[in-house]
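The values are calculated or read from the model by the stated rules, or taken from the named source; none is laboratory data. Since the structure is predicted, the reported quantities are computational estimates derived from the model, not experimental observations. Cβ sites come from the backbone with ideal geometry, for glycine too, and all protein chains shown count toward neighbours.
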Amino acid sequence: MPPSVEQEIRKDLRYNVTVNMLDGAFFGFAFGFSSLTAFIPLFVSRMTSSAIFFGLIPAMHSFGWQLPQLLTAGWISRLRRYKPVVMLLTIQERVPFLGLALVAWFLPGLGKQTALILTFLMMAWQGIGGGFTANPWTSMIAKIIPSEYRGTFLGAQSAAANALMSVGAILSGILLEKVSDRYDFSLLFLLTAFFMAVSYVTLSLAREPVDHAKQVPEKRQPFWRGTRSILRRDANFRWFLVTRLVSQLAMMGSAFYIIYCVQKFSMNDMTAGILTASLTISLIFANPLMGFLGDRWSHRHILIVGALAAALSGLIAWYAPALWWFYPVMVLTGLAGAAVWTIGMAITVEFGSEAQRPIYIGLANTLVAPATILAPILGGWLADVAGYQATFIVSAIAALVTAAVLFRRVRDPRQALPIKNNPVR
């Protein structure tokens, strides 16, 4: 990166940290009203009782978020400025909540089956919209936030998002208790859409310089040439991909905790909001702490801690004889989620060179997408056939496998020997 771009990034660092923190905070507040692990499943439970559908909710979001990233990597890697593309594509992950508000409003007239189909269409749209946004957004953040601050920033941004998400979750629980069933979820989804719009405005304020010195090949080659080359020669990254795949099984149990508590312990809507808030509060503390330690210690070590936390959460959920046991389950799930999401993102952008970064980001997400969608389906099937506890124990075993592979096979890319910096195009 030429000194002029570097100087401009350093000059605007505090400003960019501020506006992107606000973006994350309002984005999180919006999702507090439409939690993928609490309130969307509760809405879907009004249309079906199948555990497979409950597991599909976060799976479709993650699958949609991951799948398109490699497909757009070649195009994104040629951009000298990412922000215009981010602002165009992120609209697609925000508008679908207006669609969900309409589905909720017209649910009595639509009928349960039609409403269920429309709900999942909206969720698919929202997830895929996020997927097309993810690669340019991640590339933009990696560009405007220097490497020595990335883990800390991503952790702090996630903490801000989860702080307001917890507030949104508590408010949602209150609204579900106070507002008539005829209007409650319509209101929640409208609030989500409104704060998504506020988040969009703050994101638009980010400053990203144009990188005129970036080497962009004149002729665009098929994207698979670069991906095949990376996978062939970077063994460390291949093992990292293995952990990304297995970690989807490790986290699948968390999609069923709320529904399990409702069915097993007759948990009410207010308690569901408080339990969800306990998860997000743990994320508030876990994200910045793990990001800070990852920057100064090792992102790989933090991933191992997160995998062990996921294993322990699954084991406690499997054993839990009373509802209160799920408070430590949610805290441990928060630790695991912070590791998988925040630290996973921070370590991914450290593989390869600046020009290769979008390719690595795409590989680390798109290749994991099949496991992301299949894991909750498997979890839902296990829950239907053998009970939710079977899902929880399988998740715990997968988490232990993830920790073992990270410990034995994966090296922190900052400490690993550099691979040859061959062009990806």
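Here the range 1-36 is the region considered, the condition is being touching a helix residue (DSSP H, G or I) at 6+ places or on another chain (Cβ under 6 Å) and of a type in the set (S, T, N, Q), and the residue that is surrounded by the fewest Cβ atoms within 10 Å (Cβ to Cβ) is Asn16. Could you say whether any residue in the range 169-187 is loosely packed, with under 13 Cβ neighbours inside 10 Å and modelled with pLDDT of 90 or more? Checked against the condition, which is being loosely packed, with under 13 Cβ neighbours inside 10 Å and modelled with pLDDT of 90 or more, the range 169-187 yields no hits at all. Whether a residue is touching a residue at least 40 places away in the same chain (Cβ under 8 Å), hydrophobic (A, V, I, L, M, F, W, C), surrounded by fewer than 24 Cβ atoms within 10 Å (Cβ to Cβ) and out of contact with any strand residue (DSSP E or B) (no Cβ under 9 Å at 6 or more places or on another chain) was assessed, and Leu323 passes this test. Based on this model, can you work out whether Leu89 counts as free of Cβ contacts under 8 Å to residues at least 60 places away in the same chain, among the hydrophobic types (A, V, I, L, M, F, W, C) and over 24 Å from Leu382 (Cα atoms)? Here the answer is yes, as Leu89 does meet what is asked. Of all residues in the range 119-133, how many are closer than 10 Å to Arg94 by Cα and among the hydrophobic types (A, V, I, L, M, F, W, C)? Here the count works out to 1. Residues considered: Ala104, Ala124, Ala134. Of these, the only one that is more than 30 Å from Arg81 (Cα to Cα), hydrophobic (A, V, I, L, M, F, W, C) and assigned to a helix (DSSP H, G or I) is Ala104.
How many of the residues making up the range 339-380 are in contact with a Phe, Trp or Tyr (Cβ under 6 Å, 6 or more places away or on another chain) and closer than 26 Å to Val394 by Cα? So the answer is 3.
Looking across the range 357-409 at every residue that is out of contact with any helix residue (DSSP H, G or I) (no Cβ under 7 Å at 6 or more places or on another chain) and not hydrophobic (A, V, I, L, M, F, W, C), the one that is surrounded by the fewest Cβ atoms within 10 Å (Cβ to Cβ) is identified as Arg408.
Cβ-Cβ distances below 7 Å connect the following pairs, each with a first residue in the range 368-390 that is within 16 Å of Ser50 (Cβ to Cβ), a second residue that is among the β-branched types (Val, Ile, Thr), and a separation of six or more residues or different chains: Ile377/Ile52; Gly379/Thr391; Gly380/Ile52; Trp381/Ile52; Leu382/Thr391; Leu382/Val394; Ala383/Thr391; Asp384/Ile52. Just so you know, in the range 38-56 the residues that are surrounded by 24 or more Cβ atoms within 10 Å (Cβ to Cβ) and touching a Pro at 6+ places or on another chain (Cβ under 7 Å) include one that is modelled with the highest pLDDT, and it is Phe54. Of all the residues in the range 374-415, those that are of a type in the set (Gly, Ala, Ser), closer than 18 Å to Ala364 by Cα and at pLDDT below 95 number 1. Could you tell me whether the range 97-105 includes any residue that is buried (at least 18 other Cβ atoms within 10 Å of the Cβ) and under 30 Å from Leu289 (Cα atoms)? No, the conditions are met nowhere in the range 97-105. Which members of the range 107-121 meet the condition of being assigned to a helix (DSSP H, G or I) and small (Gly, Ala, Ser)? If the condition is that a residue be assigned to a helix (DSSP H, G or I) and small (Gly, Ala, Ser), then Gly109, Ala115 are the ones that fit. Within the range 349-369, the only residue that satisfies the criterion of being of a type in the set (Ser, Thr, Tyr), more than 14 Å from the chain's Cα centre (by Cα) and within 23 Å of Ala250 (Cα to Cα) is Tyr360.
If you go through the range 83-131 and keep only what is more than 28 Å from Ala142 (Cβ to Cβ) and touching an Asp or Glu at 6+ places or on another chain (Cβ under 9 Å), you end up with just Ala104. Total residues in the range 5-42 satisfying the condition of being more than 25 Å from Ala59 (Cβ to Cβ), assigned to a helix (DSSP H, G or I) and out of contact with any Phe, Trp or Tyr (no Cβ under 7 Å at 6 or more places or on another chain): the figure is 18.
Apart from one condition, Asn135 fits all of (1) more than 30 Å from Gly291 (Cβ to Cβ); (2) surrounded by 21 or more Cβ atoms within 10 Å (Cβ to Cβ); (3) not small (Gly, Ala, Ser); the exception is (1). Against the numbered list (1) among the aliphatic types (A, V, I, L, M); (2) out of contact with any Phe, Trp or Tyr (no Cβ under 7 Å at 6 or more places or on another chain); (3) surrounded by fewer than 23 Cβ atoms within 10 Å (Cβ to Cβ), Val198 comes up short only at (2). Within the range 141-155, identify whether any single residue is surrounded by fewer than 23 Cβ atoms within 10 Å (Cβ to Cβ), assigned to a helix (DSSP H, G or I), without any contact (Cβ under 8 Å) to a residue 12 or more places away in the chain and hydrophobic (A, V, I, L, M, F, W, C), and answer yes or no. Within the range 141-155 (the criterion being surrounded by fewer than 23 Cβ atoms within 10 Å (Cβ to Cβ), assigned to a helix (DSSP H, G or I), without any contact (Cβ under 8 Å) to a residue 12 or more places away in the chain and hydrophobic (A, V, I, L, M, F, W, C)), the answer is no, since none of the residues qualifies.
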